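The values are calculated or read from the model by the stated rules, or taken from the named source; none is laboratory data. Note that the structure is predicted; figures quoted are calculated from it, not measured. With ideal geometry, Cβ positions are generated from the backbone for all residues, glycine too; neighbour counts draw on all protein chains shown. All accessible areas refer to the heavy atoms of the entire protein, side chains included, with ligands and DNA or RNA removed. Shrake-Rupley method; radii C 1.70, N 1.55, O 1.52, S 1.80 Å.
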Amino acid sequence: MTPSEPPAITPVRPWLLRPRTGVQPTTSTELFFDLVFIFSVTQLSHYLIEHPDWRGAGRTALLLALVWFVWVYTTWLTNWLQPDQGPVRVLLIGVALGSLSMSAAIPQAFADTGLLFAVVYVAVQVGRSLVAMWAVQGSPWLVDGFQHLLPWFFATSVLVVLGGLVDGVAREALWATVIVIEVVGLSSGYPLPGRGRTHAERWMVEGGHLAERSSAFVLIALGESILVTGSTFTSHVDLATAGAFLLAFAGSVALWWVYFARSAPAATEVIAGAGERTGALSRVAFNYLHPVIVAGVIVASAGDELLLREPGAPTTTVAALFVLGGPALFLAGHAAYTAWLWRRPPTSRITAVLVLLALVPVCVGLGVPVAVCAALALAVTVAVIVADRSRVRSAAARGPS
């Protein structure tokens, strides 16, 4: 069943369902919901800066994954439901409040506020799904999907709360297990004994809307990076930090350009026209690959803050991993995203990732200033943009095949 050929249904509350007529616009309610996650990204970036080691990076990744699950499952829900209808709008505001509480708990999520983070996460995930079950009554494929999803959410909820009750490695292990279960469940269609699984081609997904919503989150993350850059710059204004500020801003612009100049609108077209493949494409593209892109922005944002604090300081391993590793992670995630949609290897992005990683030991070994390291990262990212433009011009010169 494709999005253009929905099954014959008699929904109980048809006014709550989005029409399946082309790419649905993002509403002001959805944009308001997104605003909360600016704070989430800020909190994650600061957590990484304050815990600049492998354990801190791992914990940041765990928190990002849990925050992303809240956002992306809510985005899937608004792909099916009308955000500006009263009950759905109230639901989104409630999820926004819960997400804000989760974000406030991030700095001490592996200490005193872990249980708060866990309880709010569970309330949001389970509560949203129960409301969705009520809203989609009479729509067989949607009801079936949520009936498969809820038992898995209940199972992971137990583990999340248990993680909030224990400390240290046990909390990390339990929350990591939740993430693995979520990925396995979604990948396998949330199978249940005696009921089979829910099939991605029957999810009635409007892929163009999901693509635009995920692009909006990337834009939010980049906006947070600029916010961090500006606030750090204002704390100490001189010639050196002014140069570092321009360098950091140019880095954010370059990442924006890579994602939005051509691939974002083209990706929206590909997913919107994918037919019965839309559900499966969207599952990987938005649930799995986009958080990697967002993680790259968060790491790059941490690098920008280090750059503005001491632009002339010798590059340490931590600084190199932030300044070079952030763009590398962003480009790796974007490479996987474009490869998944177009089924061809994005050579320029793969090459750029390898170059950025190779520059890490070089910059550390030579002890170059952090600003030089950032300039090299910017140059590599700009090279990707130039390669993209050259490829487009070459294709245009060849004409249609």
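Miscellaneous remarks
- Single residue of 157, 101 found to be without any contact (Cβ under 8 Å) to a residue 24 or more places away in the chain, over 28 Å from residue 19 (Cα atoms) and surrounded by 15 or more Cβ atoms within 10 Å (Cβ to Cβ): 101
- Single residue of segment 2-25 satisfying the filter (in contact with a His (Cβ under 9 Å, 6 or more places away or on another chain) and open to solvent by 50 Å² or more (accessible area, probe 1.4 Å)) that is modelled with the highest pLDDT: 25
- Selected residue (criterion: farthest from residue 107 (Cα to Cα)) from residues of segment 62-82 that are among the hydroxyl-bearing types (Ser, Thr, Tyr) and open to solvent by less than 20 Å² (accessible area, probe 1.4 Å): 78
- Within segment 231-249, restricting attention to residues that are more than 22 Å from the chain's Cα centre (by Cα) and within 30 Å of residue 348 (Cβ to Cβ), the residue that is least open to solvent (accessible area, probe 1.4 Å) is 244.
- Flag if residue 383 is more than 30 Å from residue 34 (Cα to Cα), surrounded by fewer than 21 Cβ atoms within 10 Å (Cβ to Cβ) and without any contact (Cβ under 8 Å) to a residue 60 or more places away in the chain: yes
- Sole exception among (1) part of a loop (DSSP other than H, G, I, E, B); (2) over 26 Å from residue 275 (Cβ atoms) for residue 127, by number: (1)
Okay, residues lined up against (1) farther than 19 Å from residue 59 by Cα; (2) at pLDDT 95 or above; (3) polar (S, T, N, Q); (4) surrounded by 21 or more Cβ atoms within 10 Å (Cβ to Cβ):
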{"site": "276", "(1), (2), (3), (4)": "yes, no, no, no"}
{"site": "279", "(1), (2), (3), (4)": "yes, no, no, yes"}
{"site": "331", "(1), (2), (3), (4)": "yes, yes, no, yes"}
{"site": "343", "(1), (2), (3), (4)": "yes, no, no, no"}
{"site": "351", "(1), (2), (3), (4)": "yes, yes, yes, no"}
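- Output for segment 44-61, where each listed residue is under 20 Å from the mean Cα position of the chain (by Cα) and either surrounded by fewer than 20 Cβ atoms within 10 Å (Cβ to Cβ) or over 30 Å from residue 207 (Cα atoms) (or both): 46, 47, 48, 49, 56, 57, 58, 59, 61
- Candidates in segment 256-271 are the residues that are in contact with a helix residue (DSSP H, G or I) (Cβ under 7 Å, 6 or more places away or on another chain) and open to solvent by 50 Å² or more (accessible area, probe 1.4 Å); of these, the one that is modelled with the lowest pLDDT is 262.
- Screening residue 362 against (1) of a type in the set (A, V, I, L, M); (2) free of Cβ contacts under 8 Å to residues at least 12 places away in the same chain; (3) within 27 Å of residue 62 (Cα to Cα) leaves a single unmet condition, (3).
- In this structure, residue 338 does not satisfy being among the hydroxyl-bearing types (Ser, Thr, Tyr), touching a helix residue (DSSP H, G or I) at 6+ places or on another chain (Cβ under 9 Å) and free of Cβ contacts under 8 Å to residues at least 12 places away in the same chain.
- Subset tally (residues that are aliphatic (A, V, I, L, M), over 21 Å from residue 206 (Cα atoms) and more than 21 Å from the chain's Cα centre (by Cα)) for segment 124-158: 4
- Residue that is farthest from residue 183 (Cα to Cα) [pool: residues in segment 150-172 that are assigned to a helix (DSSP H, G or I) and of a type outside the set (A, V, I, L, M, F, W, C)]: 168
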